[in-house]
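Enquirer: Got a structure for you, questions after.
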Amino acid sequence: MTASFPHLLKPLDLGVTTLSNRVMMGAMHLGLEAHPGGFERMAEFYAERARGGVGLMVTGGIAPNQDGLLKTGGPVLEAHGQIARHKLVTDAVHGEDGKILMQILHTGRYSYQEYSVAPSPIRAPNSPATPREMTGEDIDRTIADFANCAALAREAGYDGVEIMGSEGYLINEFITLHTNHRDDDWGGAYENRIRFVLEIIRRTREKTGPNFIIMFRLSMLDLVEDGSTWSEIVKLAREAEKAGANILNTGIGWHEARIPTIAQAVPRAAWTWTTAKLKGKVAIPVIASNRINTPEQAEDILARGDADMVSLARPFLADSHFVAKAAAGQADLINSCIACNQACLDHIFNGQICTCLVNPRACHETELVFEKTAELRKIAVVGAGPAGLSFATVAAERGHSVTLYEATNDIGGQFQIARKIPGKEEFNETLRYFRKMIELLGITTWLNTKVGAAELLEGGYDRVILATGVTPFTPDIEGIGHARVMSYIELLRDGKEAGDRVAIIGAGGIGFDVAEFLVHAGKRWGHSREEFLARWGIDVEIKSPGGLTHAPQTPEPAREVFLLQRKTSRLGKDLGKTTGWIHRAILKQAGVTMISGVSYRRIDDDGLHITIGGEDKILEVDTVVICAGQEPCRELKGELEKGGMTVELIGGADEAGELDAKRAIDQGVRLAASI
C-alpha cells in the first residue's frame, strides 16, 4: 500500500527551530519516572519513537515543586541535582535526531497527596482531600518555581517545555470560576484569573531566553460548570502568544467532566472543530489533539486547515514507527491505537507502569527485545485469537517457522466479537494489522481447519502453542435449555436475533458489551461527530461557560434490557477505571435496568424467574442472554503431551475469566520473545 501525506510530513517552522513534520507525540504519564531505572527505560522509550520519525515529543508531567506532585515521590524538577537523569532522556532523543519538550505539570487540587493546594479550597470529586487555598506568597513562589523548572529543563537538554494549562490542573483551576472563588488580584474578573498563567509564561521566557520552545496547553473546552467561554479562550490564547508562547496545544475536558473525550466511545477527531475555530485568531501554530489515530485522518485534519499540527499520544504506544511507516507508504502496517485505555491510562491510575494492549513492548523496550533466533524452530499455533496472533507474529518476526490453525473462517477470535459492539469498531484496525503482518511475515495460515492431535504430532513441529480460547460457561439454572435462551457467542458471533425485551445474566465486561449491542441494535449512537456532540449535550459555539448545553439528545433504545448479577456490589465496578463510568452512563441513558443480588430460579414460557432481596419476581422477557463467564478450551493438551510434544497454553486456554485481550496479547508476545 502506498499513500501520500504531504501536509503531515511538511516541516513546521516555529521560529526558534524547524520541526521535520507536523506530528507530535503528546504527553503521557508513563509510570517510569519514579520507578527504579525508570529514566534509563524512558530514554529508550523516547529514543525508539525518535527513530520512528515523530517530529516532536512531550514527556509526561513533571512537577515544578513538591506541592505540584500527583502523589508523594512523583517526578519533580526543582534542583540541579535532578538534571543528570533527565539528560539520559534528552541525549538519547538527540542521538536519534529527535526533539523533545518536558511538560511542567502542577496538579493543584487533583493531587493525591494528603495536602494539596489550589486557588480556592474546593475539593475535586476525584481527589482525597480539600486543598489549602494558596496565599499570595504561595502564588508568587509557584510562578517562580515554574520558571525555575523550565530553566532546569533547558540545562537538561530539553528543546522546550509544555506548560500544562488544561484538564483541570492548577493553571486551569485559576482560570475558571468553577474553582477560582478568590476576591483578590488573582480572582474575580477574567483578567485577574489569567494573570497566574500569563506570569508563568512571561517568567519562563525571561529565564529561558528566545531560543527555547514554550508550548502552552490551552483548555479549549472545559466541559464543567462555570468553565471558560469561547471569547475568554480566544483572549487567553492571544495573551499567551504575547507573553512568549511559541505554539498552542489543545486540551479537552477536565478529568472530573462526565463526558468522554478520548475513549472508544468518542468518534475520531471529534474535537478538531475547536482548533479550527481558533485558527486565524493567533499567529502562532495551533495543535489538534484527542482521538486521532491514523495518518489518513491526521492528513485530513491538516489539509482542511483545522490545525497546524496534530498531537497523537497513545498511537505512539501502539506503534513507535507510526510516522516512518506512513512516510514509507506502509500505513497499513501501523499497529493502531484502539482507544481502549486498558493498559495505558488504567495502569497509570492504578499505580502501574503504562503500556499498550496491542503493543506490550511499550515502556518495556529494554526487557522485551525481539532478537533474531539463533535456533530456528518449527511451531504450530492453534487458534488465531489475540493470544495466538501475538505469539505467531512475534515468533515469525524473530525467524521461527510458524503455522497458524484457525477453526473458523477468519482470524481474530474474541476480536471478531468485540468489533461488533457499538463504540468498539476500532478492533477492526487490530485485525487489519494482524492480517498484514501474517502476509508480510509469510506465516502459513489454515482457516476453517479444526486441527487434531494426530496431525500436529505428525507435522514435524518442535512445539505446539494452544491458543484455543474459551467456551461460554453454562450456569445450572432450571430451563437453561429453553428456546428463548442464547449465549453471547450465539448473539454476537452467530447472528442469532434477540427479542424486544431481554434479560442478561452476568454483568461483567461481556454483559455490559451485550447490553450496549442490544440497546443500540448493533449500531453506535453518536457515530458521527455531530451526533456525538448532541448526545452528550455539548455547545459547539461554547457560548455557555464550559461548553455544556444541558440538553443531551438521546435516541430511543432499540430494546428494553435488564442487566443482572448475583453479586450485591455495584454493577460494573470491575470495569476499566477510566472507561467504566462511560459504559454505565451509556446504559443509563438507554434506560437499561441494572439489578444486583439476583438469584435465578428458572426460565420458562413466562420468562425469567428471579429472587431479589427475598422477593420472587418474573421478568417477562422474550430472550435471556447468558454472559456468566467462560471455560478454557484445552482438549488437545493431554493427547499432545502423551505423544511427547512440548505444549504451551496461552490466552483463554491458559486462564479463562473475563475476556482479557490485554493479558492474552502480553502472554503471547512474552512467550514468543523467549523461545
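The values are calculated or read from the model by the stated rules, or taken from the named source; none is laboratory data. These numbers were taken from a predicted model, which means no experiment stands behind them. In this analysis, Cβ positions are derived from the backbone assuming ideal geometry, glycine residues included, and neighbour counts consider all displayed protein chains.
Enquirer: Being at pLDDT 95 or above and either in contact with a helix residue (DSSP H, G or I) (Cβ under 7 Å, 6 or more places away or on another chain) or part of a loop (DSSP other than H, G, I, E, B) (or both) is the filter here; which residues of the stretch 118-141 pass it? Write out each step before concluding.
Expert: Kept after step one, since they are at pLDDT 95 or above, are these residues of the stretch 118-141: 118-124, 130-141.
Of everything in the stretch 118-141, those that are at pLDDT 95 or above and either in contact with a helix residue (DSSP H, G or I) (Cβ under 7 Å, 6 or more places away or on another chain) or part of a loop (DSSP other than H, G, I, E, B) (or both) turn out to be Ala118, Pro119, Ser120, Pro121, Ile122, Arg123, Ala124, Thr130, Pro131, Met134, Thr135, Ile139.
Enquirer: Inside the stretch 586-620, can you point out the residues that are among the β-branched types (Val, Ile, Thr) and touching a Leu at 6+ places or on another chain (Cβ under 6 Å)? Working first, answer last.
Expert: Filtering the stretch 586-620 for residues among the β-branched types (Val, Ile, Thr) gives 586, 592-593, 595, 598, 603, 610-612, 618.
Those that are among the β-branched types (Val, Ile, Thr) and touching a Leu at 6+ places or on another chain (Cβ under 6 Å): Val592, Ile595, Val598.
Enquirer: Evaluate the following for Cys627: is it under 30 Å from Ala454 (Cβ atoms) and under 39 Å from the mean Cα position of the chain (by Cα)? Reasoning before the result, please.
Expert: Numbers: under 30 Å from Ala454 (Cβ atoms): no; under 39 Å from the mean Cα position of the chain (by Cα): yes.
In short, no.
Enquirer: Yes or no: Lys588 farther than 23 Å from Gly629 by Cα and over 22 Å from the mean Cα position of the chain (by Cα)?
Expert: Values: farther than 23 Å from Gly629 by Cα: yes; over 22 Å from the mean Cα position of the chain (by Cα): yes.
For Lys588, the condition - farther than 23 Å from Gly629 by Cα and over 22 Å from the mean Cα position of the chain (by Cα) - is met.
Enquirer: May I pose another question? Which is part of a helix (DSSP H, G or I), at pLDDT 95 or above, acidic (Asp, Glu) and within 30 Å of Glu199 (Cα to Cα), of Glu239, Glu299? Don't jump to the end; show me each part of the working.
Expert: On the way: Glu299 fails: within 30 Å of Glu199 (Cα to Cα).
Step by step, each of Glu239, Glu299 is checked, and only Glu239 is part of a helix (DSSP H, G or I), at pLDDT 95 or above, acidic (Asp, Glu) and within 30 Å of Glu199 (Cα to Cα).
Okay, residues lined up against (1) surrounded by fewer than 20 Cβ atoms within 10 Å (Cβ to Cβ); (2) of a type in the set (Lys, Arg); (3) out of contact with any helix residue (DSSP H, G or I) (no Cβ under 6 Å at 6 or more places or on another chain):
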| site | (1), (2), (3) |
| --- | --- |
| Val381 | no, no, no |
| Asn409 | yes, no, yes |
| Gln414 | no, no, yes |
| Gly423 | no, no, yes |
| Arg432 | yes, yes, yes |
| Ile443 | no, no, no |
| Lys450 | yes, yes, yes |
| Glu458 | yes, no, yes |
| Thr468 | no, no, no |
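Enquirer: Return yes or no: is Ala324 surrounded by fewer than 24 Cβ atoms within 10 Å (Cβ to Cβ) and either out of contact with any helix residue (DSSP H, G or I) (no Cβ under 9 Å at 6 or more places or on another chain) or not assigned by TED's automatic domain parsing to the domain that holds Val54 (or both)?
Expert: Details: surrounded by fewer than 24 Cβ atoms within 10 Å (Cβ to Cβ): yes; either out of contact with any helix residue (DSSP H, G or I) (no Cβ under 9 Å at 6 or more places or on another chain) or not assigned by TED's automatic domain parsing to the domain that holds Val54 (or both): no.
So Ala324 does not fit the description; no.
Enquirer: Same structure, new question: Return the pairs, sorted by first residue and then second, in which the second residue is assigned to a loop (DSSP other than H, G, I, E, B), the first residue lies in the stretch 249-261 and is acidic (Asp, Glu), the beta carbons are less than 8 Å apart, and the residues are 6+ apart or on different chains.
Expert: Glu256/Ala124; Glu256/Pro125; Glu256/Asn126; Glu256/Gly168; Glu256/Val224
Enquirer: Sticking with this one: Considering only the stretch 1-41, how many residues are touching a strand residue (DSSP E or B) at 6+ places or on another chain (Cβ under 8 Å), among the hydrophobic types (A, V, I, L, M, F, W, C) and closer than 23 Å to Ala63 by Cβ?
Expert: 5
Enquirer: Moving to a separate point now. Does Leu56 satisfy the criteria of being assigned by TED's automatic domain parsing to the domain that holds Ile214, under 21 Å from Arg291 (Cβ atoms), crowded, with 19+ Cβ neighbours inside 10 Å and among the hydrophobic types (A, V, I, L, M, F, W, C)?
Expert: Details: assigned by TED's automatic domain parsing to the domain that holds Ile214: yes; under 21 Å from Arg291 (Cβ atoms): yes; crowded, with 19+ Cβ neighbours inside 10 Å: yes; among the hydrophobic types (A, V, I, L, M, F, W, C): yes.
Taking the combined requirement at face value, the residue satisfies it.
Enquirer: Suppose we keep only residues that are part of a helix (DSSP H, G or I) and surrounded by 14 or more Cβ atoms within 10 Å (Cβ to Cβ) within the stretch 67-84. Which one would you say is nearest to the chain's Cα centre (by Cα)?
Expert: Filtering the stretch 67-84 for residues part of a helix (DSSP H, G or I) gives 67-68, 80-84.
Retained after the next criterion (residues that are surrounded by 14 or more Cβ atoms within 10 Å (Cβ to Cβ)): 67-68, 82-83.
Values: Asp67: 27, Gly68: 24, Gln82: 30, Ile83: 30 Å.
Per the criteria, the residue is Gly68.
Enquirer: I would also like to ask the following. Restricting to the stretch 278-296, and then to whatever is out of contact with any Pro (no Cβ under 9 Å at 6 or more places or on another chain) and in a loop (DSSP other than H, G, I, E, B), can you tell me which residue is nearest to Gln103 (Cα to Cα)? I'd like the intermediate steps shown before the answer.
Expert: Step one: of the stretch 278-296, the residues out of contact with any Pro (no Cβ under 9 Å at 6 or more places or on another chain) are 278-290, 295-296.
Retained after the next criterion (residues that are in a loop (DSSP other than H, G, I, E, B)): 280-281, 283-285, 289-290.
Numbers: Gly280: 26, Lys281: 25, Ala283: 22, Ile284: 19, Pro285: 18, Ser289: 16, Asn290: 17 Å.
Filtering first and then ranking leaves Ser289.
Enquirer: Okay, next question. Mind telling me which of the residues Met309, Met215 ends up being within 18 Å of Arg22 (Cβ to Cβ), touching a Pro at 6+ places or on another chain (Cβ under 9 Å) and touching a residue at least 12 places away in the same chain (Cβ under 8 Å)? Full working, then the answer.
Expert: On the way: Met215 fails: touching a Pro at 6+ places or on another chain (Cβ under 9 Å).
That would be Met309, the only listed residue that is within 18 Å of Arg22 (Cβ to Cβ), touching a Pro at 6+ places or on another chain (Cβ under 9 Å) and touching a residue at least 12 places away in the same chain (Cβ under 8 Å).
Enquirer: Here is a further query. Please tell me if Lys277 is over 23 Å from Leu431 (Cα atoms) and at pLDDT 95 or above. Working first, answer last.
Expert: Numbers: over 23 Å from Leu431 (Cα atoms): yes; at pLDDT 95 or above: yes.
Yes: the conditions hold for Lys277.
Enquirer: Go through (1) polar (S, T, N, Q); (2) out of contact with any helix residue (DSSP H, G or I) (no Cβ under 7 Å at 6 or more places or on another chain); (3) buried (at least 23 other Cβ atoms within 10 Å of the Cβ) for Ser487 and report which single condition fails.
Expert: Among (1) polar (S, T, N, Q); (2) out of contact with any helix residue (DSSP H, G or I) (no Cβ under 7 Å at 6 or more places or on another chain); (3) buried (at least 23 other Cβ atoms within 10 Å of the Cβ), Ser487 violates only (3).
Enquirer: Given the criteria among the hydroxyl-bearing types (Ser, Thr, Tyr), in a helix (DSSP H, G or I) and in contact (Cβ under 8 Å) with a residue 60 or more places away in the chain, does Thr204 qualify? Don't jump to the end; show me each part of the working.
Expert: Details: among the hydroxyl-bearing types (Ser, Thr, Tyr): yes; in a helix (DSSP H, G or I): yes; in contact (Cβ under 8 Å) with a residue 60 or more places away in the chain: no.
Answer is no for this residue.
Enquirer: Just to be sure I understand the filter: pairs with C-beta atoms under 7 Å, separated by 6 or more residues or on different chains, first member in the stretch 532-547 and under 15 Å from Thr275 (Cβ atoms), second member at pLDDT 95 or above and charged (D, E, K, R). Which pairs pass?
Expert: Partner pairs satisfying both residue conditions: Gly547/Asp222.
Enquirer: Filter the stretch 131-151 for residues that are β-branched (Val, Ile, Thr) and closer than 18 Å to Gly165 by Cα and give the result.
Expert: If we filter the stretch 131-151 for residues that are β-branched (Val, Ile, Thr), which is where we start, we get 135, 139, 142-143.
Ile139, Thr142, Ile143, listed by residue number.
Enquirer: Follow-up. For the stretch 617-632, how many residues meet the condition of being in contact (Cβ under 8 Å) with a residue 40 or more places away in the chain and either part of a strand (DSSP E or B) or surrounded by fewer than 19 Cβ atoms within 10 Å (Cβ to Cβ) (or both)? Outline the logic, then answer.
Expert: Taking the stretch 617-632 as the starting set, the residues that turn out to be in contact (Cβ under 8 Å) with a residue 40 or more places away in the chain are 619-632.
Checking which are either part of a strand (DSSP E or B) or surrounded by fewer than 19 Cβ atoms within 10 Å (Cβ to Cβ) (or both) leaves us with 619-620, 622-626, 629-632.
Of the residues in the stretch 617-632, 11 are in contact (Cβ under 8 Å) with a residue 40 or more places away in the chain and either part of a strand (DSSP E or B) or surrounded by fewer than 19 Cβ atoms within 10 Å (Cβ to Cβ) (or both).
Enquirer: With the checklist (1) within 24 Å of Ile262 (Cα to Cα); (2) at pLDDT below 90 in hand, flag the one item Glu556 doesn't pass.
Expert: It fails just one condition, (1).
Enquirer: List the pairs whose first member sits in the stretch 267-289 and is of a type in the set (D, E, K, R), whose second member is part of a helix (DSSP H, G or I), and whose Cβ atoms are under 9 Å apart, counting only residues at least 6 apart or on separate chains?
Expert: Correct list of pairs: Arg268/Gln297; Arg268/Arg529; Lys277/Trp230; Lys277/Ile233; Lys277/Val234; Lys281/Val234; Lys281/Ala237; Lys281/Arg238.
Enquirer: Answer with yes or no whether Asp574 is under 26 Å from Ala339 (Cα atoms) and among the acidic types (Asp, Glu). Reasoning before the result, please.
Expert: On the way: under 26 Å from Ala339 (Cα atoms): yes; among the acidic types (Asp, Glu): yes.
Taking the combined requirement at face value, the residue satisfies it.
Enquirer: Ala374 fails exactly one of the following numbered conditions: (1) within 15 Å of Ile675 (Cα to Cα); (2) touching a residue at least 12 places away in the same chain (Cβ under 8 Å). What is the number of that condition?
Expert: Looking at each condition in turn, Ala374 falls short on (2).
Enquirer: If you don't mind, there's one more thing I want to ask. So the check is Cβ under 6 Å with 6+ separation or different chains; which pairs have a first residue in the stretch 38-64 that's assigned to a helix (DSSP H, G or I) and a second one that's of a type in the set (Lys, Arg)?
Expert: Going by the 6 Å Cβ cut-off, the qualifying pairs are Phe39/Arg85.
Enquirer: Restricting the search to the stretch 155-178, which residues are of a type in the set (D, E, K, R), surrounded by 20 or more Cβ atoms within 10 Å (Cβ to Cβ) and either part of a helix (DSSP H, G or I) or over 25 Å from the mean Cα position of the chain (by Cα) (or both)?
Expert: Start the filter on the stretch 155-178 by keeping residues that are of a type in the set (D, E, K, R), which leaves 155, 159, 162, 167, 173.
Checking which are surrounded by 20 or more Cβ atoms within 10 Å (Cβ to Cβ) leaves us with 159, 162, 167, 173.
Passing the criteria: Asp159, Glu173.
Enquirer: Only one of (1) within 29 Å of Thr474 (Cβ to Cβ); (2) modelled with pLDDT of 90 or more; (3) of a type in the set (Asp, Glu); (4) in a loop (DSSP other than H, G, I, E, B) is not met by Asp574, so which one is it?
Expert: Of the numbered conditions (1) within 29 Å of Thr474 (Cβ to Cβ); (2) modelled with pLDDT of 90 or more; (3) of a type in the set (Asp, Glu); (4) in a loop (DSSP other than H, G, I, E, B), the odd one out for Asp574 is (2).
Enquirer: Tally time: how many residues in the stretch 102-120 are within 28 Å of the chain's Cα centre (by Cα), crowded, with 24+ Cβ neighbours inside 10 Å and closer than 22 Å to Ala245 by Cβ?
Expert: 6
Enquirer: Let me ask something additional. Take the residues of the stretch 468-488 that are at pLDDT 95 or above and aliphatic (A, V, I, L, M): which is farthest from the chain's Cα centre (by Cα)?
Expert: The residue in question is Ala483.
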